[in-house]
Amino acid sequence: MSSTDVLGRTEGGDLRLAGLTKRFGAFTAVDSLDLTIPQGSFFALLGASGCGKTTTLRMVSGLEDPTAGQIFLGDQDVTDAKPYRRPVNTVFQNYALFPHLDIFENVAFGLRRRGFKSVKPQVETMLELVELGHLAKRKPTQLSGGQQQRIALARALINQPQVLLLDEPLGALDLKLRRQMQIELKRIQTEVGLTFVHVTHDQEEAMTMADTIAVMNQGRIEQLGSPAELYENPATTFVANFLGQSNLIPGTVETATDDVVTVSAYGRRLTLDAGRCRSVSGKVILGVRPEKVQLAAAEADVPSGRNVLSGTVSDTSFIGVSTQYLVKLPSGEELSVFEQNTGREIQRPGAEVFVYWDPSQGFGLDGDQDIEAGAALDEEGAA
Ligand SMILES: Nc1ncnc2c1ncn2[C@@H]1O[C@H](COP(=O)(O)OP(=O)(O)OP(=O)(O)O)[C@@H](O)[C@H]1O
Ligand SMILES: [Mg+2]
């Protein structure tokens, strides 16, 4: 027997994409996606502009026909179902509220269209959920951007979808409001417990909200995992650069045991945990996040057992909670170092320094990749 949840919906099951593909002429926008999004999860599809996020959502909602592949909700194949027959609703970036209707009627719209006579209790529940019951009589233009966004959410949720698709829903908001709404959206998702598929090019936004993130690149899923998994153990240079910042150091594997991999790079010997190294022979790229790296003025000050490189400070930015350094290696490459502000002496540009980190903090990637992949995309996408 099927059970119902807080919105009165019958439970539907996971959203599953199988070989989902969309071509526009010769161009492949979505390239054979295989993806299972567990029921009730907050799932983020993260990627740069043009990587195929909106096209994927449009296929799930039925606004775009796939070139190949299938879409399942639970056991049900909905690939060919008409949009209005799918238990799926979308919230867009431009929330498109009806300007001539007040807030109450905007939220009531979906129910009225389906012929419901009594809508008051449901509308009130929804307005309560988004904490805007007191604004029911206002018109959309009399609300702030964040309030309009919450009404757009209420208007979608009242239809009791099994899956809510959110396409850059916070894109029009300023940074502060965005942060507030991220927390708010997460609260609402936890409360109603339905599946949210949230599309964004903002990695911080994806990390703040999602249980699982799929990093998308040129129509494909590059890596899928929890925010912490993706951040600590990126599988590719694209993910390492796109999700936060990484120092990526090209090297060659010297020795590899079950526990430790030794890499020669820049004339130094560096080590890392074998369990975090995706390539244990030949060329390798050693990665370490800027906040895992520290500076010492003399090599004698470096604690034993650390990986060490020497260089010259080329930039120092004091930003309060931390000081961010760029350190130029003799090879010309620059490493980023974020040092927490603990009152330590600040190194000025021109200072000779030793950069060091605990070997367990590094990760190893296949050496045959573009070391710059994904590095500039974040900024572009955000523009
Ligand atoms: N109807 C169409 N005809 C031809 N090409 C299209 C069409 N719709 C999308 N594309 C192309 O498919 C690719 C993916 O587009 P999509 O809108 O899915 O990207 P996106 O990841 O949502 O990007 P953004 O972050 O900018 O919204 C783009 O290169 C786009 O130009
Ligand atoms: Mg888009």
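The values are calculated or read from the model by the stated rules, or taken from the named source; none is laboratory data. These numbers were taken from a predicted model, which means no experiment stands behind them. Every residue, glycine as well, gets a Cβ built from its backbone with ideal geometry; the counts of neighbours run over all protein chains shown.
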All but one of (1) away from ligand 2 (no atom under 13 Å from the Cβ); (2) hydrophobic (A, V, I, L, M, F, W, C); (3) farther than 30 Å from N241 by Cβ hold for L63, so report the exception by its number. (1)
Residues of the stretch 197-215 being under 21 Å from Q245 (Cβ atoms), more than 15 Å from ligand 2 (Cβ to nearest atom) and either of a type outside the set (S, T, Y) or assigned to a loop (DSSP other than H, G, I, E, B) (or both), in sequence order, are Q203, E204, M207, M209, A210, I213, V215
Which residue is nearest to ligand 1 (Cβ to nearest atom), if the candidates are limited to the stretch 10-27 and must be of a type in the set (A, V, I, L, M) and in contact with a strand residue (DSSP E or B) (Cβ under 7 Å, 6 or more places away or on another chain)? L20
Looking at the stretch 228-235, is at least one residue crowded, with 22+ Cβ neighbours inside 10 Å and in contact (Cβ under 8 Å) with a residue 60 or more places away in the chain? yes
Report yes if E229 is over 27 Å from P87 (Cβ atoms) and in a strand (DSSP E or B), otherwise no. no
For the stretch 34-50, how many residues meet the condition of being within 15 Å of ligand 2 (Cβ to nearest atom) and either among the acidic types (D, E) or at pLDDT 95 or above (or both)? 3
Could you check, for the stretch 65-80, whether at least one of its residues is small (G, A, S) and touching a Pro at 6+ places or on another chain (Cβ under 6 Å)? no
Every residue from the stretch 129-184 that is at positive phi and surrounded by fewer than 18 Cβ atoms within 10 Å (Cβ to Cβ): E131
When the stretch 288-328 is examined, which residues are found to be within 15 Å of G350 (Cβ to Cβ) and touching a residue at least 40 places away in the same chain (Cβ under 8 Å)? L295, A297, S310, G311, T312, V313
